[in-house]
Number of protein chains: 4
Amino acid sequence: MIDVALFGAGRIGKIHAGNLARQPGVALKYVVDVNAAAASELAAKHGAKVASADHVFGDGAIKAVVIGSSTDTHAELIQRAAGAGKAVFCEKPVDLSLERARVCASAVAHARITCMIGFQRRFDPTFAALKKRLDQGEIGEPEMLVVTSRDPGAPPVDYIRVSGGIFKDMLIHDFDIFRWILDDEAVSVYATGSCLTDPAIAKAGDIDSTAVTIRTKKGRLAQINTSRRAAYGYDQRFEVLGSKGMLQAGNHTPTEVTAATAASVSRDKPEHFFLERYRVAYADEMAHFVEALAKGTAVRTTIEDGVKALELAEAATTSWREKRIVEL
Amino acid sequence: MIDVALFGAGRIGKIHAGNLARQPGVALKYVVDVNAAAASELAAKHGAKVASADHVFGDGAIKAVVIGSSTDTHAELIQRAAGAGKAVFCEKPVDLSLERARVCASAVAHARITCMIGFQRRFDPTFAALKKRLDQGEIGEPEMLVVTSRDPGAPPVDYIRVSGGIFKDMLIHDFDIFRWILDDEAVSVYATGSCLTDPAIAKAGDIDSTAVTIRTKKGRLAQINTSRRAAYGYDQRFEVLGSKGMLQAGNHTPTEVTAATAASVSRDKPEHFFLERYRVAYADEMAHFVEALAKGTAVRTTIEDGVKALELAEAATTSWREKRIVEL
Amino acid sequence: MIDVALFGAGRIGKIHAGNLARQPGVALKYVVDVNAAAASELAAKHGAKVASADHVFGDGAIKAVVIGSSTDTHAELIQRAAGAGKAVFCEKPVDLSLERARVCASAVAHARITCMIGFQRRFDPTFAALKKRLDQGEIGEPEMLVVTSRDPGAPPVDYIRVSGGIFKDMLIHDFDIFRWILDDEAVSVYATGSCLTDPAIAKAGDIDSTAVTIRTKKGRLAQINTSRRAAYGYDQRFEVLGSKGMLQAGNHTPTEVTAATAASVSRDKPEHFFLERYRVAYADEMAHFVEALAKGTAVRTTIEDGVKALELAEAATTSWREKRIVEL
Amino acid sequence: MIDVALFGAGRIGKIHAGNLARQPGVALKYVVDVNAAAASELAAKHGAKVASADHVFGDGAIKAVVIGSSTDTHAELIQRAAGAGKAVFCEKPVDLSLERARVCASAVAHARITCMIGFQRRFDPTFAALKKRLDQGEIGEPEMLVVTSRDPGAPPVDYIRVSGGIFKDMLIHDFDIFRWILDDEAVSVYATGSCLTDPAIAKAGDIDSTAVTIRTKKGRLAQINTSRRAAYGYDQRFEVLGSKGMLQAGNHTPTEVTAATAASVSRDKPEHFFLERYRVAYADEMAHFVEALAKGTAVRTTIEDGVKALELAEAATTSWREKRIVEL
């Protein structure tokens, strides 16, 4: 039995708690949250106890911590876990500061602990199947990647203000998709963007619509287009053009109903947002983490992946702000 | 140059005239219609002359007649053409009377003239491609056929009254599709139906919705469902299940636009009706007829096919009226 | 806490056990199976005990029994449950004998117990959403229903021999779909079929391909086409034509990957078979059963529904065997 | 009757000749080509005469010239037509030199002749329908445009060498789509690219894969991805994200056949190349040109549009070569 402590009893914390509960061989022992009521409720639901961080790191029986608390807590918790020799599963990003994320990665490497970053999209059934088929050579060598990544609506401006900006907050997932799918590293990043959906976002110093282009070492090309608002729901698609064809990952829909009327032939909108679309992905990434702990195998999304995605987010932010191509 | 006369200057006559005009090596010499104004207009458009039937059959230079006039004129015109040794292209049905259709077929066989029946669906690009792939063995032996055939709306009740009933008027095309696709003959027919869209159709002694099942000599099964009304337009689909898979023929749409909004993800309705959907099919069947004349080759949809489809329509009518399975 | 006993530790029994385990407020207390090893294993997995039927029915704490054992055990278990005043969830069919099924229904009515029949398809997200939209009037009055229901492959002939025949074993689900979707009752049934996939099925006195047509009291029409073999997987579609349009329920696929190569543009085959396709439906029907017990509300798929579907299956069998239309 | 002369009897010249022949009120009088045999054959087919450019421009009866000859002849022919007061339909590009294209535009403006550039994509049924619906406000204000434009295979390297480079030769159409769809002008262009399909293209000083980003005056964003090679055929898609939804233009396919087998569920590849995909567009643009001449109305794709698209192509070429963002 692997004893685990969970940091964060919010939306994503609940997802992780539920997924941990479904894993055989795992016991959720502690829930930690500054919001005591939320911590109590979640702990009660899964037969865990509320605890402080100090208590968690002082309990030698705890083998792993799952970090789903706010971004500004990630780095410190990772470093404490490294110090205590506990395995870590941490939500993205490692930190908003690239510098600090690198320090965390060093601590992890030095302590030789397992540290998995929650890039759940790699575990999405559609994305994972596409990647597998790409690796099997179904479309030959990949040449171009086009990523469409749009949220149904923007988060509150208060959140945007502390989010690190759209590139670190939202596109960090797309940057990870880019690295994973093309299996290549960026040599240059060009990013531009606009505030088109809500002037309050511009006032907060951010944008809501972006267009990013990345060139890789092998000369491959990637384009990412992003918006904080898609009236039709969460739009999560990408396509890879290869020497022998193309693989496309489409959206998931709640049902397979088609309606044909005098007006049109219509189908469902995509699943509403990330909790629906990535429900299976969240379950599968946690199963992967637990399996890695149980078997002592490597995790697929490491803290190095977290640092690399953050490097791209920082380069994109610079490109956008300074209106220049950033070489890496 | 092959000189041709056209009977019928109505909706379908215009289509045939236009398609004849596009064929090299063909001259539309005469247009015949009881409506003198329509005949004149169509003749003028294509540089032809208005003529009487007697004149057409007396003109030895006329090699072929295209019959697009009303159903009650078909049989006599086919017989006169046979007598005069002229090739025939005739719209379906040969006649509403199976007996009389057989007499026509005998006359055609005796005179050894080419006689093609206008089962244009066999020339539809989608249907023809499906048939070709089926014949190439892509899905092994065919086992079941499901045909969906729905009009956007019913014709005037005055027309329905003289139409011969829905099985002879509308399903005759589907019966031909059945024979062509399964390459097999019926041993029993069961048909039922209802009047669901307009009570006036029932008053006229007809129905507007049908469900037909056919068993073949080889034990294959076919189901046809038909309605005089589909709010979303002309619905012309079929699918064949075979031992190694399935081939489906879908509807054609005017454009490939998809709209995603807060309401739904929608696409075009099917092309509105037969003039749109079978535009290419009408052109291709006429090109096939002209090529057969020029090269002396056989036509793909013979008067025997017309008789066989009519036999099925009559069997279905009997099955529906007498509430029994009809053996053939 | 509702204590439940499960009969049957086979494939479907495992599904139900797992779904019961996920319901709060339910305890799986006993597992009963003639296969002692299977019963032990499943009981152990869910913290239950192995027991005999006598023990289950003698335990007053058991509030409900879930019957997933072989078909020949259903009727007796339902009757014993009725006698003991325990609620019942029973897999379809109630019994292969219509007479005996009616006796069970009487026993249930007399004892006033809840008895739900496992027509899980009504709980499928796609089918349930379609039904809801139909009831909301999105396509007006329903007129025609076309059901396509094909298995990826036939079960062993030994099973077919005791299955009651394809209409009772396989189409019983489709007959329930028919009644549920059209919300109407049959007045006549015509069924025909062939053995096209494996001569051993014919030797066992059964067929593997069927075509069924049903007329309803309101004059609506339904066609069902079925095969024991679809090379491309489990094909579970239906469409309803209504006065204002059409609703179609399509297949579910494992992923939303599209591959475009020099050969074709391809997508996933449908989910392989019923355990995959109806995974959510099985969970949702059990949640519904448990909720009905907890709240004392009615279940959506009653034993009367089970009897009615069996009546249709028997009528279809007679129609096929005697080559006649069966009036109901 | 409008007398027209055609320059160029090659692939595109034949298309235009055929489309001119189908227009009532137009007579193709002359065909001009340095290849005498090609000119003779095409002229004979349409009842025209072979002539020299001098003869054409000296014939006062000629009202319009259609220029489908090689790119290096366009500018001179436009200028001569302007001098002779004849209307012009000219294939893209106006010229490879932006300077010279501007001179042509001035000549056209000065002579007040009609001059239409062959941006046939605006006349494609799918693209035109999308644009109309966008203009009707179906998705609110447009915000982002993503264009995917891929050829089935690269032209001969000899052609590439004199083509002006991929941006002027291939993307010029996409730049026109950008201006037309967003109804806005570029303020900056970033373009990058690689040679990934054939090293001979790099040797010829060109690339085969590009990624372009354009910012507009209104802050809108456009991304274009292009390849000279798509194994699955001609890929011509774009999508517009607006404040209220998205409109997508998909590929056209030869048929609507779907095949489901043990391997996959597959559909047709897109129509093979531009002659197939834009067959209707070529016909419709010529009908539009002729109608504009007959009615004296304005043409939809002017020489100014040709100059603007060329400006973008030149900016993109500079951006790629000099690895910098180009401001306009």
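One table, with the values for the structure above:
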| item | result |
| --- | --- |
| Under-5 Å amide H pairs with C:ILE207, H placed in peptide plane, nonlocal only | C:ILE166 |
| Pairwise burial C:D, computed as accessible area of each alone minus the pair, summed, 1.4 Å, Å² | 900 |
| In the stretch A:71-151, the trypsin sites (Lys or Arg not before Pro) that fall in loop regions by DSSP, at most 14 other Cβ within 10 Å | A:ARG112 |
| Net charge over other residues, Cβ less than 9 angstrom from the Cβ of B:LEU221 (K, R count +1; D, E count -1) | +1 |
| Label point 7 Å beyond Cα along the C-beta direction, distances from A:ASN35 to other copies (nm, shortest first) | 4.7, 7.3, 7.3 |
| Residue closest to axis [chain A; rotation mapping onto C; Cβ; Å] | A:ARG22, 5 |
| Dipole in debye (nearest 20) - the stretch C:211-287, about Cα centre, beta carbon charges: Lys, Arg +1; Asp, Glu -1 | 560 |
| Exposure rank, largest accessible area first [C:VAL50, D:VAL326; 1.4 Å] | C:VAL50, D:VAL326 |
| Rounded to 5, percent antiparallel among DSSP beta bridges of the protein assembly as shown | 60 |
| Gap separating the Cα centres of the stretch B:17-93 and the stretch A:52-75, nearest whole Å | 90 |
| Shortest-first distances to equivalent copies, position C:GLU76, nm, label 7 Å out along Cβ | 6.8, 7.8, 10.1 |
| Cut-off 14 Å between beta-carbons: net charge of the residues surrounding D:GLY68, Lys and Arg +1, Asp and Glu -1 | -1 |
| Computed log₁₀ I(q)/I(0) - Debye formula, equal Cα scatterers, no solvent, chain D, q 0.08, 0.09, 0.15 Å⁻¹ | -0.38, -0.49, -1.32 |
| The stretch B:118-176-the stretch A:242-319 distance, computed between alpha-carbon centres (Å) | 43 |
| GNM flexibility winner over chain B from B:SER266, B:SER106, B:SER149 (Cα, springs under 10 Å) | B:SER266 |
| Surface accessible to a 1.4 Å probe, A:THR318 within the full protein complex, Å² | 40 |
| Under-5 Å amide H pairs with D:VAL66, H placed in peptide plane, nonlocal only | D:ALA5, D:LEU6, D:PHE7, D:PHE89 |
| List B:HIS110, B:HIS288, D:HIS272, ordered by accessible area with a 1.4 Å probe, largest first | B:HIS110, D:HIS272, B:HIS288 |
| Phi to ³J(HN,Hα) by Karplus 6.51 cos²θ - 1.76 cosθ + 1.60 over the stretch C:3-12, Hz, x for Gly, Pro | 7, 10, 10, 10, 9, x, 10, x, 3, 6 |
| Mean ellipticity per residue at 222 nm, deg cm²/dmol - from DSSP H runs of n ≥ 4 across the protein assembly as shown, formula -39500 (n - 2.57) | -12000 deg cm²/dmol |
| Ordering of B:225-238, C:23-36 by burial proxy (mean other Cβ atoms within 10 Å per residue, highest first) | B:225-238, C:23-36 |
| Between 0 and 90°, nearest 10: helix A:36-45 axis offset from chain A longest Cα axis | 90 |
| Accessible surface ranking that places the most exposed of C:GLU99, B:GLU138, C:GLU239, C:GLU322 first, with a 1.4 angstrom probe | C:GLU99, C:GLU322, B:GLU138, C:GLU239 |
| Label 7 Å beyond Cα on the Cβ vector: B:ALA263 copy-to-copy distances, nm | 0.3, 4.1, 4.1 |
| Net dipole in debye of the protein assembly as shown [+1 Lys, Arg Cβ; -1 Asp, Glu Cβ; about Cα centre; nearest 20] | 0 |
| Note, ³J(HN,Hα) from phi for the stretch A:222-235, Karplus 6.51, -1.76, 1.60, rounded to Hz, x at Gly and Pro | 10, 10, 10, 10, 9, 9, 6, 9, 10, 4, 9, x, 6, 10 |
| Backbone HN-Hα couplings from phi across the stretch D:307-316 [Karplus 6.51/-1.76/1.60, Hz, Gly and Pro as x] | 5, 5, 5, 5, 4, 5, 5, 5, 4, 5 |
| Accessible surface, the stretch A:111-190, averaged per residue in Å² (probe 1.4 Å) | 30 |
| Fraction of beta bridges assigned by DSSP in chain A that are antiparallel (%, nearest 5) | 55 |
| Built amide H within the under 5 Å cut-off of B:LYS244, gap 5+ | B:GLY140, B:GLU141 |
| Exercise: per-residue mean of other protein chain Cβ atoms within 10 Å, C:226-239 | 4 |
| Rounded to the nearest 10 Å², the accessible area of A:ASP206 at probe 1.4 Å | 10 |
| Chain D: relative contact order as a whole-number percent, Cα under 8 Å and 6+ apart | 20 |
| For the stretch C:177-263, convex hull volume per residue from C-alpha positions, Å³ | 164 |
| Nearest-10 value in Å² for the accessible area of D:VAL108, using the 1.4 Å probe | 10 |
| Tilt relative to chain D, helix D:172-182 - C-alpha long axis, 0 to 90 degrees, to 10 | 70 |
| Fraction of accessible area attributable to carbon and sulfur, the stretch C:1-117 (%, probe 1.4 Å) | 52 |
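The values are calculated or read from the model by the stated rules, or taken from the named source; none is laboratory data. The structure presented is a predicted model; accordingly, all values stated were derived computationally and were not measured. Every residue, glycine among them, receives a Cβ derived from its backbone with ideal geometry; neighbour counts consider all protein chains shown. Keep in mind that these areas ignore ligands, DNA and RNA; they rest on the heavy atoms of the full protein, side chains included. Shrake-Rupley method; radii C 1.70, N 1.55, O 1.52, S 1.80 Å.
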